[in-house]
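Take a look at the structure below.
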Amino acid sequence: MRRLLLVGVSVLAAFAIGVATHSASSAPAAALPNVSCNQSLLVFLFWPHGHGAIKSVGFSAYKPPHLEVYRHVAGYPNSAFLGFAGSNKLTSFAKACRGKAGKVGGAIQHKKTVTKQHVFTCSVPKGAMLVTKPAGGGLKLDAGTSSSHVVSVALKPSGSAFSYDTKRCSSGPSPH
């Protein structure tokens, strides 16, 4: 009886480990976070070729193409950091940004696309989300709501592009 109990416990343990392993390994690669950062103005630093060290703002060199998102404040202090997305499919979001179900929908109105590094300050609707997903060998980030698409960024090892609504966003030079 004791042997049967041990076999039963062993089978249950193996089953539990198998289920846990299967659940973790079968998670879709696109299961990246959708977040809302509860901000009406977002600042996007678009680095289509990465960047070297930038002493003026305390940035270390980071060579892969990427995008950084900040609250609208003077400079780029760590306290204003909201998010990061890279062509290497890495993402990071501040604790201030909360997970949110949904998607960014519709076409970008008054669309313009750039492929050079810039800083963009964009007015986003209440409840706007940042949505990331793998795309084209890299990562795509969209900002807006289900009915208002403000920003769409394609981050790839080469050929990254930043598309935005010219009525909601203004652009300027990146820090140097």
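Since every read-out is calculated from the coordinates, none of them should be taken as a lab result. These figures come from a predicted structure and were not determined experimentally. Virtual Cβ from ideal backbone geometry, glycine too; neighbours counted across all protein chains shown.
Name the long-range amide H neighbours of A94: under 5 Å, sequence gap of 5 or more, or other chain; modelled H, no Pro or chain starts.
Distant-sequence amide H within range of A94: G83.
Using alpha carbons only, how many angstrom separate the centre of region 123-161 from the centre of region 66-102?
Spelled out, the Cα-based centre of one part sits 12 Å from the other.
Exceeding 27 Å between C-alpha atoms, which entries from my cross-link table qualify? They are K63/K95; K112/K133; K112/K140; K95/K116; K89/K111; K63/K126. Walk me through the intermediate numbers first.
Values: K63/K95 25 Å; K112/K133 21 Å; K112/K140 16 Å; K95/K116 30 Å; K89/K111 25 Å; K63/K126 33 Å.
Over 27 Å Cα-Cα: K95/K116; K63/K126.
With a sphere of radius 14 Å drawn around the Cβ of S123, what net charge do the other residues whose Cβ falls strictly inside it have (Lys, Arg +1; Asp, Glu -1)?
After counting each charged neighbour, the total is +3.
If I model region 45-100 as equal point scatterers sitting on the Cα atoms and use the Debye formula, what is log10 I(q)/I(0) at q = 0.22, 0.25 Å⁻¹?
With no solvent term, the Cα-only Debye profile gives -0.92, -1.13.
Would you kindly state how much longer the chain becomes between S40 and S146 on full extension, computed as 0.36 nm times their sequence separation minus their alpha carbon distance, in nm to one decimal?
Full-extension gain reported as 36.6 nm.
Can you compute the label reach from S170? Point 7 Å from Cα along the Cβ direction, backbone N cut-off under 12 Å, restricted to region 101-136.
It comes to 120-123, nothing else.
Send over the semi-axes of region 101-176's equivalent ellipsoid, whole angstrom and largest first, taken as the square roots of 5 times the C-alpha gyration tensor eigenvalues.
19, 17, 10
If every alpha-carbon in region 34-172 counts as one equal scatterer, what log10 I(q)/I(0) does Debye give at q = 0.09 1/Å?
Taken in order of the listed q values, log10 I(q)/I(0) reads -0.22.
Can you compute the modelled spin-label distance between I54 and K133, with each label point 7 Å from Cα toward Cβ, in nm?
So the label points at I54 and K133 sit 2.9 nm apart.
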